[in-house]
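The structure under discussion appears below in the form of structure tokens.
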Amino acid sequence: MPELPEVETVRRGLQPVLEGATITRVEARRPDLRFPFPEKFSQRLAGKTIIALGRRAKYLTMDIEGGPVLICHLGMSGSFRVETADGSDMPDIFHHDRSKSSTHDHVVFHVVSPAGASSRVIFNDPRRFGFMLFAEGLPDVHPMLAGLGVEPTGNTLDGALLASLMKGRRSPLKAALLDQRLIAGLGNIYVSEALWRAGLSPLREAGTIARPGKKAQAQSERLAEAIRSVISDAIAAGGSSLRDYMQTDGSLGYFQHSFAVYDREGEPCSKPGCSGHIERIVQSGRSTFYCRTCQR
Ligand SMILES: [Zn+2]
């Protein structure tokens, strides 16, 4: 399942093709994905200019001139690719093992740039857990986006804000960090990574990093910094793999290489001076990877 850094990488890959472009035609090749397409889906997009391509948590938002905002979610297996009119493929905007089967090409956006270059932006989704919906007003109040917590990117999430979100919570720290109403778009992989960087156990009670005193204050500041840095490092890695992909044409399973704990059960902990090993435990039905020696 794509996590936030992958969705942001997709956004950055599509942005130069879509922003400012005019949609000439949209083909929706089936009536639904996870949900039915909105009424008059194609008609309402045809002839319109795309003002901006944004992201909120793991949702892409396409701001349409004078019209709705298109909210798009990649689901489990959704991906985009761009084909240009002269047949030279633009870099694939992909994640993990992208399906190359055209039977799963469900939506095709035909767009033309302000300079007159035509492209096709194709949404492929074998498992069809992805979706596209319209928000008529501000996307933030759409039921899909309303109630989402703070973004883990940028400088908003600092130690004080993180402490206020965790204050009084009895649940394990990992579970609280996965709660999308508190922090939006933080997933299983990056929570494990952030907790390792911060040296905090996924098992400790969430509220412990919000207790009065300098110790807890330092912990919440360390964790906020770790969350922001794992996400921004992954986005940077995604961006560089996009650039690599333009120059070669092999497939890249990106991000995996940069994990310190995720999927590394039994390996030595790579924190300087730590002699521990990475363990895998199961919390709320999902794998957690951590080092019990340096994460307390
Ligand atoms: Zn360790």
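The values are calculated or read from the model by the stated rules, or taken from the named source; none is laboratory data. A quick note: this is a predicted structure, and the numbers were derived from the prediction, not measured. Don't worry about glycine lacking a Cβ; one is built from the backbone with ideal geometry, like all the others, and counts go over all protein chains shown. All accessible areas refer to the heavy atoms of the entire protein, side chains included, with ligands and DNA or RNA removed. Shrake-Rupley method; radii C 1.70, N 1.55, O 1.52, S 1.80 Å.
Details
- Under 5 Å from the amide H of residue 288 lie the amide H atoms of 281, 282, 283, each residue being 5 or more positions distant or on a separate chain, with H modelled from the backbone and absent for Pro and chain starts.
- The Rg/Rh ratio of the chain, with both radii computed over alpha carbons and Rh defined as the Kirkwood radius, is 1.01.
- Count of lysine pairs in the chain with Cα separation under 23 Å (8 or more residues apart, or interchain): 9
- Loop trypsin sites (Lys or Arg not before Pro), the range 1-57 (other Cβ atoms within 10 Å of the site Cβ: 12 or fewer; DSSP): 29, 40
- The Cα atoms of the range 254-295 give a gyration tensor whose axes a ≥ b ≥ c have a/c of 1.5 or more with a/b no greater than b/c, which makes the shape oblate.
- The share of accessible area on the chain that comes from carbon and sulfur is 51 percent, using a 1.4 angstrom probe.
- Prolate/oblate/rounded call for the range 1-63, Cα gyration tensor, a/c under 1.5 rounded: oblate
- Accessible area of residue 105 in the full protein assembly, 1.4 Å probe (Å², nearest 10): 10
- Length gained when the stretch residue 214-residue 232 is fully extended (0.36 nm per residue, less Cα-Cα span): 3.8 nm
- Segment residue 204-residue 280, extension gain: residue separation times 0.36 nm, minus the distance between their alpha carbons: 25.8 nm
- Accessible surface calculations at 1.4 Å, restricted to protein heavy atoms, place the chain at 46 Å² per residue.
- Heavy-atom accessible area ranking, 1.4 Å probe, most first, across 290, 59, 262: 262, 59, 290
- HN-Hα J in Hz across the range 46-59 - Karplus 6.51, -1.76, 1.60, θ = phi - 60°, x for Gly and Pro: 4, x, 9, 9, 8, 7, 7, 10, x, 8, 10, 6, 9, 9
- Shape call, the range 99-207: gyration tensor on alpha carbons, a/c limit 1.5: prolate
- Total charge dipole magnitude, the range 1-93, about the Cα centre, Cβ charges on Lys, Arg, Asp, Glu only, Debye to nearest 20: 340
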